[in-house]
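Below you'll find the structure, written out as structure tokens, and then a few comments.
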Amino acid sequence: MPEALSPAQALYMGMEVLIAVSSVIGNVMVVWAVKINKSLRDTTFCFIVSLAVADIAVGACLLVACTVLVLTQSSILALLAIAIDRYLRVKIPTSVNNINIFVSVTGKWSLQNELALQWSCAGLWAFSPTLVITCQFENVISIEYMVYFNFFSWVLLPLLLMLAIYTEIFYMIHKCGGILNKHESSKGYYNKELKLAKSLALVLVLFAASWLPLHILNCITLFSPGCEKPMFLLYIAILLTHGNSAVNPIVYAFRIKKFRTAFQRLWKQYFCCKEAPPIDTQMSERLDKDHFCPGTPLEHNI
């Protein structure tokens, strides 16, 4: 007979089920919101959709070790792509789409190629260790791989890079917003960019806060093998990593007006069966070339 579950294990399993359901429902609504709202079909929001797809899959595949690693790496790359896109929007705030500026530098490219590259790299990095089929995660993936390769190389370094990018974004917005304060259009543009950058930086902070505890425990396991890890700490750390997949839609709903409007429409129309008002489908505005921030000349950015 199978052993009876302890109260801690039963609570843990119940929390995993709750997180899985919340993650799938919330992130499906994110993808759905982008589908029905044309104003969300921007480069940044496409990467947000990619992040949501990874989070949906986390909710559906929590017990498959290698799959979760692929999705974690994809989430990191999506967050990095979002940070770079926001940096370009602040650094080069013209009516030209930032992805087209990237094309002019690197040759023929597309958003689909970037997303495909993101997921391919995630799969390559996650499946690179030698695997043995077993139910114990630490027997499947070596602790050295988890610390040196997964944490130091593909979690910590991208997080530090994104921290530097968002620091530069906030500095440029503060600098350019003050210089161009006399132009109403530029003032409104930088205010919107600041608000969105804060929301996306919050997503990054929550990601770091959710994943660092488990990686720190892995470091303790590797560097201090004699140190005992309380089981409840391990449960909490794992729940935090999985719970991060469910929290992003909540951030979008409270911090990004376009998502909040789309979520409200989805709720009224499909869950409450009420008539919902049409969504404003105006595309994301971009700053006119005449209102560039001094110090970042147009000819130097195209």
note = Within segment 12-31, the count of residues that are among the hydrophobic types (A, V, I, L, M, F, W, C), more than 15 Å from I256 (Cβ to Cβ) and touching a residue at least 40 places away in the same chain (Cβ under 8 Å) comes to 3
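Yes/no per residue for (1) more than 16 Å from N244 (Cα to Cα); (2) at pLDDT 75 or above; (3) of a type in the set (D, E):
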site	(1), (2), (3)
Y12	no, yes, no
V17	no, yes, no
S22	no, yes, no
A33	yes, yes, no
C46	yes, yes, no
I56	no, yes, no
V68	no, no, no
Count of segment 242-266 residues which are at pLDDT 90 or above and within 22 Å of V17 (Cα to Cα) = 8
request  = Output the number of residues of segment 240-256 satisfying the condition of being within 24 Å of H215 (Cα to Cα) and either of a type in the set (S, T, Y) or part of a loop (DSSP other than H, G, I, E, B) (or both).
outcome  = 2
ask   = Within segment 35-44, how many residues turn out to be under 13 Å from A262 (Cα atoms) and buried (at least 21 other Cβ atoms within 10 Å of the Cβ)?
value = 1
query = In this structure, does K229 turn out to be outside any helix (DSSP H, G or I), within 30 Å of M146 (Cα to Cα) and among the basic types (K, R)?
reply = yes
query = Do we have A237 as part of a helix (DSSP H, G or I), within 23 Å of V31 (Cβ to Cβ) and either modelled with pLDDT of 90 or more or not hydrophobic (A, V, I, L, M, F, W, C) (or both) here?
reply = no
ask   = Failed condition for E184, given (1) modelled with pLDDT under 85; (2) buried (at least 19 other Cβ atoms within 10 Å of the Cβ); (3) acidic (D, E), with all others met?
value = (2)
query = Within segment 242-258, is there a residue that is surrounded by fewer than 17 Cβ atoms within 10 Å (Cβ to Cβ) and either without any contact (Cβ under 8 Å) to a residue 40 or more places away in the chain or of a type in the set (F, W, Y) (or both)?
reply = yes
task = Quickly run through segment 259-275 and pick out the residues that are of a type outside the set (A, V, I, L, M) and in contact (Cβ under 8 Å) with a residue 24 or more places away in the chain.
result = F259, T261, F263, R265
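The values are calculated or read from the model by the stated rules, or taken from the named source; none is laboratory data. Everything numeric in this text was worked out from a predicted model, so none of it was measured. Using ideal geometry, Cβ is built from the backbone for each residue, glycine included, and neighbour counts are taken over all protein chains shown.
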